[in-house]
Amino acid sequence: MKKNLIIPIFIFMLILIPKVNASTDSASSYILMDETTGRVLLSKDMNSKRLIASITKIMTSTLAIESGKLDEVVEVDDTISKAYGSGIYIEVGEEITLRDLLYGLMLRSGNDAAVMIAKFVGGSEEEFVNMMNNKAKELGMKNTIFYNASGLPTPHGNYSSVYDMALLTRYAMQYKEYKEIVGTKKYKVTTNKKTYIWDNKNKLLKYDFITGGKTGYTEESGRTLVSTATIDDMNLIAVTIRDSDDWNTHLELYNYAKDNYIGYKVLNKNKFRVYGDNYYKNSTLYIKNDVYIPLKKSEKRSLVSHIILEKKTNYKNNDLVGINQILIGDKLLYEENIYIEKNKKESKNIFNKIRKWFND
């Protein structure tokens, strides 16, 4: 009997980043950050406070998403008369959802969208700016001050640093709505007055590895740019401020990551038990995510996984019971929550519960 020969076929996805004749020297300041850990992989003047123009709108969109009002209808009023420069050209009396305004804000950098969002979410732009600065403080953005929701230079321009804007972007990327909006290349919306088709100004989206970002420009600030990328299991954030060659600088930063780092899988979401732990020995522990961290080959040898468990006498399925720390040497890089799942036998056995009380 003739047997069929089965030949395994392995498919490798190779991410190609175009090599460019560029130098990061064109940027007054830049940063390349690992989104997963917040670790800075490369930087220049990362804490210098500079005018940031329309990358301001990352904060504006984040607060709008957190308002929980994305599907509510905004009636455009004469607040838009304060806006100038880039716009989506909405009209007084027009009805448009907050979600659609966010697409106009992030794809077309609509300053009219920014002032309407600020009023709708904050009650007034002044109160919304207070919300922006409070959020910046909460996130540890120490070199940031907001005066408006758009990034326009009057009456005051907004100031931040590339490090602070990377922190903000890392925070915003936790929201699926944000990721969906900034990764959209083209968007169509119809209101009670007209239909819009918006193309994203972020030219880097033509590359498959780019997942989002935001452009910015005023004469006072120069060109500003935030981008995000997924390259070889690495989730990355790049920010440049006052860079005349920003598109190429971002490609150069991503090439640096690809040439110098490898995305190592340091944790996986499979269920596990901890060797030597008797307290939860009849239950199963798990984490919710596979975790990849960019590391240099030399750093892999110094990687340490440290598990800290809390002894809980009363717990139910899916309760948080500890953290898994990832360190390089003695430097903490990342923490992932550990959850528990009871085995059926344990949940029915009163003697196990009594044993836990005495062992606590």
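Taken together, the values in this text are just the output of simple stated rules run on the coordinates, not laboratory data. Fair warning: this is a prediction, and the values are worked out from it, not measured in the lab. No Cβ is skipped: glycine too gets one built from the backbone with ideal geometry, and neighbour counts run over all protein chains shown.
Overall dimensions of region 24-260, expressed as equivalent-ellipsoid semi-axes from the Cα gyration tensor (√(5λ), whole Å, largest first), are 28, 19, 16.
Each part gets one Cα centre, and for region 120-158 versus region 18-60 those centres are 20 Å apart.
Which angle between 0 and 90 degrees, to the nearest 10, do you get for helix 350-359 versus the longest principal axis of the chain when only C-alpha atoms count? The angle comes out near 80 degrees. As a length-normalised measure over Cα pairs under 8 Å and 6 or more apart, the relative contact order of the chain settles at 18 percent. For the chain, the longest principal axis of the alpha carbon atoms and the long axis of helix 57-66 meet at an angle near 60°. Against the chain, whose longest principal axis comes from its Cα atoms, helix 125-138 is set at around 30 degrees. Among the chymotrypsin sites (Phe, Trp or Tyr not before Pro) in region 146-194, those placed in a DSSP loop whose Cβ has at most 16 other Cβ atoms within 10 Å are Tyr175.
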